[in-house]
Amino acid sequence: MTRDHDPNCFIIMPFTVAEADLSRYSGDRNHWTEVYKGLIVPAVRSAGLHCERSDEDVTTRLIAETVWRKIEEADVVLCDLSAHNPNVHLELGWALRADKRFVLIKDELTQFNFDLNQFHTYQYSHRLQPTALKRAVSDLADALRATLADNERQYSLVSKLALRLRAVTAARDGNVEVDLLRELLAEVRRTSREDLGAKTTSPRYVFSDIREPADLAEMLPGTTWRKKNDLEHLIFAAEGRCYNNHAGHAHWRENTYKVSDQVGTMTVQWSVDGVESTCRFNAEFNEFVEEENPEGIWFVVARQPHTPGWGV
């Protein structure tokens, strides 16, 4: 992308708190302004993007036309699905059909709609506590960078739909180019498996033989864990070191961890913000939660490092 200014991120989100939602958001009528200024703007700017929201443009009265145009012109769209705002869903639909790069977020109070639960969505705490907010800004900035760097257009529903239609048409018409047809069908199956795999959020392993802190300390090195928002991986190494990466980036950050004297508990010192998290494991030791971070829920996905050469 060659240009003489920062790429543009257009924000789709609610502007006002509906009366029915006031109690959920502690009566704060300025809640979405706080989300915008406290989380979204810092994350977008940290990712090297220019941040723009439609209500900030006072040059025209044709609000709907302005929104459609700005979506079309944006390099990436960030959409907050919280509170199920109808205008937000309408504008997101326009962005998807326009084949725009997009990042979805929502707060923990909002449940997924059926049609949207297939997409990776970053979840943040509606309370916007300073410690969790600092981490959320970093996570969201990483998600935006990864989306901009997706040269294979894995985000594109338009290209996936076109691929499926090409395969169906070729099969229906008896296309003599059998190799091409096979290639298309193989690609359809691959993308379908990827879509299905993206929704996997359950641990695949159970560690039933952990009785003492030393057992946990012996089990952790070499295991790979995934955050339940699908935006981060964590690999444990020996000597109290662990590595995390955001949104599939090649760069891994080195952190430290320590298994506590109480079985089932550890602390992780995150290098990105200097925060120390107290983490508690479940009974099967295949999932743990960061007590200070509502979005910090992790589950084990492998008993070996996720990427060859990590931490080197």
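The values are calculated or read from the model by the stated rules, or taken from the named source; none is laboratory data. Everything numeric in this text was worked out from a predicted model, so none of it was measured. Neighbour counts run over all protein chains shown; Cβ positions are idealised from the backbone, glycine included.
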### Summary
Picked from region 38-58 (must be without any contact (Cβ under 8 Å) to a residue 12 or more places away in the chain and surrounded by 13 or more Cβ atoms within 10 Å (Cβ to Cβ)), the residue nearest to Ala83 (Cα to Cα) is Val41
### Query
Is one or more of the residues making up region 188-203 closer than 30 Å to Ile105 by Cβ and modelled with pLDDT of 75 or more?
no
### Message
Among the listed residues Ala83, Ala74, identify the single one that is under 18 Å from Val44 (Cα atoms), crowded, with 20+ Cβ neighbours inside 10 Å, assigned by TED's automatic domain parsing to the domain that holds Ala20 and at pLDDT 90 or above.
### Response
Ala74
### Task
Can you run down the residue pairs with Cβ atoms below 6 Å, 6 or more apart or on separate chains, where the first is in region 231-245 and at positive phi and the partner is surrounded by 17 or more Cβ atoms within 10 Å (Cβ to Cβ) and assigned to a strand (DSSP E or B)?
Gly240/Tyr257
### Task
Assess whether Ile297 counts as being among the β-branched types (Val, Ile, Thr), modelled with pLDDT of 90 or more, under 26 Å from Ala47 (Cα atoms) and in contact with a Pro (Cβ under 6 Å, 6 or more places away or on another chain).
no
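Under the condition of being touching a residue at least 24 places away in the same chain (Cβ under 8 Å) and closer than 26 Å to Asp273 by Cβ, which residue from region 1-31 is surrounded by the fewest Cβ atoms within 10 Å (Cβ to Cβ)?
Initially, region 1-31 is screened for residues touching a residue at least 24 places away in the same chain (Cβ under 8 Å), giving 1, 5-15, 17-18, 21, 24-25, 31.
Add one more test, that the residue is closer than 26 Å to Asp273 by Cβ, and what stays is 6-7, 9, 11, 13, 25, 31.
Working: Asp6: 14, Pro7: 17, Cys9: 27, Ile11: 21, Met13: 22, Tyr25: 21, His31: 22.
Looking at residues that are touching a residue at least 24 places away in the same chain (Cβ under 8 Å) and closer than 26 Å to Asp273 by Cβ, I get Asp6.
Please go through region 252-276 and give me each residue that is under 16 Å from His233 (Cβ atoms) and assigned to a strand (DSSP E or B), ordered by number. Working first, answer last.
Applying the first criterion (under 16 Å from His233 (Cβ atoms)) to region 252-276 yields 252-255, 257, 268, 270-272.
Arg253, Glu254, Asn255, Tyr257, Val268 - these are the residues of region 252-276 that are under 16 Å from His233 (Cβ atoms) and assigned to a strand (DSSP E or B).
Checking the condition modelled with pLDDT under 85, within 16 Å of the chain's Cα centre (by Cα) and surrounded by fewer than 16 Cβ atoms within 10 Å (Cβ to Cβ), which residue from Asn151, Asn175, Asn113, Asn117 passes?
Working: Asn151 fails: within 16 Å of the chain's Cα centre (by Cα); Asn175 fails: within 16 Å of the chain's Cα centre (by Cα); Asn113 fails: within 16 Å of the chain's Cα centre (by Cα).
Every option except Asn117 fails the conditions.
Considering Ala170, Ala141, which residue is at pLDDT 70 or above, surrounded by 14 or more Cβ atoms within 10 Å (Cβ to Cβ), part of a helix (DSSP H, G or I) and not assigned by TED's automatic domain parsing to the domain that holds Gly274?
Values: Ala170 fails: at pLDDT 70 or above.
Residue meeting the stated conditions: Ala141.
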### Query
Does any residue of region 271-282 turn out to be touching a helix residue (DSSP H, G or I) at 6+ places or on another chain (Cβ under 6 Å), at pLDDT below 90 and surrounded by fewer than 16 Cβ atoms within 10 Å (Cβ to Cβ)?
yes
### Summary
Among His306, His251, the single one that is surrounded by 15 or more Cβ atoms within 10 Å (Cβ to Cβ), under 22 Å from Arg145 (Cα atoms) and modelled with pLDDT under 95 is His306
### Query
Among (1) over 23 Å from Gly48 (Cβ atoms); (2) not in a strand (DSSP E or B), where does Gln123 come up short?
(2)
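State all residues of region 92-111 that are at negative phi and in contact with a helix residue (DSSP H, G or I) (Cβ under 6 Å, 6 or more places away or on another chain); if no residue qualifies, say none. Break it down into steps so the answer makes sense when it comes.
First pass over region 92-111, keeping only residues at negative phi: 92-98, 100-111.
Trp94, Ala95, Leu96, Ala98, Arg101, Phe102, Val103, Lys106, Asp107, Thr110, listed by residue number.
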### Query
Which of (1) loosely packed, with under 14 Cβ neighbours inside 10 Å; (2) farther than 30 Å from Leu148 by Cβ; (3) touching a Cys at 6+ places or on another chain (Cβ under 9 Å) does Met266 not meet, given it meets every other one?
(1)
